[in-house]
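Enquirer: Have a look at this one.
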Amino acid sequence: MAGFRNFLKSGHSPTLFAAFLYFAFSCCIWVLNGAMAPFISETFNLSPAQKGLMLSIPILAGALMRFPLGILSQYIGRKKATLVEMGLIAVAMLFGFFFVKSFNDLLAMGVLLGIAGASFGVALSLGAGSFPPKHKGLAMGLVGAGNVGTAVSVLIAPPLAQALGWVTVYGLAAIAILIPMVVMVVFAKEPDDLDAHASFKEHIACLFEKDGWAFSLIYAVTFGGFIGLTTFLPSYFYDQFGVSKVQAGQLTMLAAFMGAALRVFGGWISDHWGGVNTLTGVLTTVSATLVLCGLAENSLTLTVLLFLVCFAALGAGNGALFQLVPLRWPLSTAVAGSMIGEIGALGGGLIPNAMGLSKQHAGTYLWGFVGFAVCAAAMLLLLRVMQMRWTRTWAEKGGRARSA
């Protein structure tokens with residue numbers, strides 16, 4: 001406990017909290033269409049492929065919008081950039097409340113929901129900016145735990161949609177985003193760190209290195225898997241097992257909360273065991289549980305238990321990967337982490353599409369699960385190949401930090 005108090009004193013903790021809250025609310029809004037998918041699908045009578053497209057667009061749009069928001073933050077500051085984004089989120093939610101009347105409107109709404117998904121890089125950079133290099137990893141992990149907003153979304157959006165209508169939830173979200181805006185204005189301050197002055201070239205530098213792409217591809221499985229499955233599961237539980245729309249959200253919440261909670265644990269265990277070792281266990285577990293989830297499509301209890309294990313691994317993997325980022329890029333941690341997060345998030349958009357196409361053309365979701373499991377196994381192979389050079393250059397055996 002004393003160590004954590006010392007950590008908080010080493011930086012500006014109110015900004016850390018404001019960044020966490022901003023990221024949590026953004027994640028909550030980002031997956032709204034996924035949380036309300038059973039209601040939306042019923043309204044527009046969507047096919048499995050149409051559902052997959054609807055669920056994919058917010059994820060892909062959010063990943064693509066992260067880079068422009070990061071560039072904007074270079075010019076006006078990270079705190080101001082968050083306020084601009086949250087203002088745009090409120091406008092987007094009002095569009096959903098007043099103008100979503102058709103499937104095409106719904107797809108346009110998916111693009112606007114992507115505005116909320118753009119928050120990752122700026123949130124991490126703002127929250128960790130005032131902390132010294134030795135504490136940036138933990139600070140980034142705590143802000144990243146704002147992923148718990150996805151669990152909140154799938155828990156509260158379905159009962160609200162059932163009671164008030166799913167379109168009304170957009171209007172409520174427009175009001176709710178005012179909470180992190182006020183906290184940001186009152187408590188946050190712009191950190192004075194090197195990442196605030198990173199050039200465009202520095203911002204994308206990690207993409208010209210093999211390590212940058214390796215990290216991004218692995219993150220496409222861990223975080224992409226987390227956000228993609230969180231978006232997809234309400235529809236899966238409702239369609240596959242016939243549970244109620246609210247129950248589908250509750251079951252998804254269990255998995256999403258597990259993934260968000262284990263993110264910090266993944267960073268902590270990686271500090272002691274090594275990020276490479278942790279990711280090895282993570283990717284092995286994810287690959288195995290995904291195949292088993294596909295095979296257990298007739299048992300709700302077994303499926304839920306397998307998803308809990310899978311999400312626990314995905315969450316720990318997100319924390320483990322960002323334990324390695326400060327080791328590999330010690331002088332530009334937030335900048336590198338932002339770009340890796342942007343590229344990695346694109347992986348999440350592939351999952352709902354793959355699941356929808358598998359169901360529509362093969363009559364089962366099994367091959368969607370198998371495809372994702374193969375991607376996890378491929379990343380495990382990539383990790384084991386790359387770690388041989390990593391442990392010779394910038395990390396100790398297993399991916400632990402090198403001692404001075």
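Enquirer: Please work out if LEU331 is hydrophobic (A, V, I, L, M, F, W, C), more than 21 Å from the chain's Cα centre (by Cα) and at pLDDT below 85.
Expert: yes
Enquirer: Moving to a separate point now. Of the residues GLY363, GLY337, GLY371, which is out of contact with any Asp or Glu (no Cβ under 8 Å at 6 or more places or on another chain) and at positive phi?
Expert: After ruling out the rest, the residue left standing is GLY363.
Enquirer: Looking at the range 296-322 only, could you name the residues that are surrounded by fewer than 24 Cβ atoms within 10 Å (Cβ to Cβ), under 18 Å from VAL282 (Cβ atoms) and of a type in the set (Gly, Ala, Ser)?
Expert: ALA312
Enquirer: Further question on the same structure: Which of the helices (runs of 4 or more DSSP H) found entirely inside the range 79-185 contain at least 3 residues meeting this: more than 21 Å from the chain's Cα centre (by Cα), crowded, with 23+ Cβ neighbours inside 10 Å and hydroxyl-bearing (Ser, Thr, Tyr)?
Expert: In the range 79-185, there are no helices (runs of 4 or more DSSP H) which contain 3 or more residues that are more than 21 Å from the chain's Cα centre (by Cα), crowded, with 23+ Cβ neighbours inside 10 Å and hydroxyl-bearing (Ser, Thr, Tyr).
Enquirer: (1) in a helix (DSSP H, G or I); (2) at pLDDT 85 or above: which one isn't true of ALA336, the others all being true?
Expert: (2)
Every residue, every condition in (1) within 20 Å of GLY344 (Cβ to Cβ); (2) of a type in the set (A, V, I, L, M, F, W, C); (3) free of Cβ contacts under 8 Å to residues at least 24 places away in the same chain, yes or no:
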| site | (1), (2), (3) |
| --- | --- |
| PHE223 | yes, yes, no |
| GLN240 | no, no, no |
| ASP271 | no, no, no |
| GLY274 | no, no, no |
| LEU283 | yes, yes, no |
| LEU290 | yes, yes, no |
| LEU300 | no, yes, no |
| CYS310 | yes, yes, no |
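Enquirer: Sort out which residues of the range 263-294 are among the hydrophobic types (A, V, I, L, M, F, W, C) and over 16 Å from ALA376 (Cβ atoms), and write them in order of number.
Expert: Across the range 263-294, the qualifying residues are VAL264, PHE265, TRP268, ILE269, TRP273.
Enquirer: Another one. So which residues in the range 58-78 are surrounded by fewer than 24 Cβ atoms within 10 Å (Cβ to Cβ), touching a Gly at 6+ places or on another chain (Cβ under 9 Å) and farther than 11 Å from GLY121 by Cβ, if there are any at all?
Expert: Listed by number, the residues that qualify are LEU60, ALA61, LEU64.
Enquirer: Of everything in the range 1-22 that's part of a helix (DSSP H, G or I) and without any contact (Cβ under 8 Å) to a residue 60 or more places away in the chain, which residue is nearest to GLY77 (Cα to Cα)?
Expert: So the residue we want is SER13.
Enquirer: Determine whether the range 23-37 contains at least one residue that is surrounded by 24 or more Cβ atoms within 10 Å (Cβ to Cβ) and outside any helix (DSSP H, G or I).
Expert: Checking the range 23-37: at least one residue is surrounded by 24 or more Cβ atoms within 10 Å (Cβ to Cβ) and outside any helix (DSSP H, G or I).
The values are calculated or read from the model by the stated rules, or taken from the named source; none is laboratory data. Only a predicted model underlies this, so the values are computations on that prediction, with no experimental measurement involved. Positions of Cβ are generated from backbone atoms using ideal geometry, with glycine treated the same way; all protein chains shown enter the neighbour counts.
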